[in-house]
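Structure, as structure tokens:
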Amino acid sequence: MRKILSCEFNLDTACVELRLDDGTLLSIDCIAVENEVANSMYQRSELDWLIYNDPLAYAELILNVDITNYLKSVSYMSDKS
């Protein structure tokens with residue numbers, strides 16, 4: 001498994017950018033991700049919070065394809081409040 005050396009949100013491109021130890025650069029288009037997986041304002045705001053406050057956690061959700069389950073749990077909790 002490749003190790004992530006750096007991870008940050010680029011406000012100019014609206015992408016989370018990762019640099020891996022083998023020299024690979026990954027750019028995750030946050031707008032495209034939100035358009036595909038976020039179905040409510042609660043899900044979008046949760047993704048936005050992650051993008052700005054913990055871009056590494058956001059990238060790991062995307063790369064591990066666990067974002068759908070995560071958003072379902074966020075929606076469930078938001079609907080209960």
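The numbers here are math on the coordinates, done by the rules we state, and not lab data. Everything numeric here is computed off the predicted structure, so don't read it as measured data. FYI the Cβ positions are ideal-geometry reconstructions off the backbone, even for glycines, and counts take in every protein chain you see.
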For ILE31, ILE67, what's the fewest-to-most ordering of other Cβ within 10 Å of each Cβ? ILE31, ILE67
Looking at the square roots a ≥ b ≥ c of the eigenvalues of the Cα gyration tensor of the chain, which shape do they give, rounded for a/c under 1.5, prolate if a/b is larger than b/c, or oblate? prolate
Summing +1 for each Lys or Arg and -1 for each Asp or Glu, what net charge is found among the other residues whose Cβ lies under 11 Å from the Cβ of ALA38? -3
In degrees from 0 to 90, rounded to the nearest 10, what is the angle of the helix 41-53 Cα long axis to the longest principal axis of the chain? 30 degrees
For segment 16-74, with only Lys/Arg (+1) and Asp/Glu (-1) charged at the beta-carbon, what is the dipole magnitude about the Cα centre, in debye rounded to 20? 200 debye
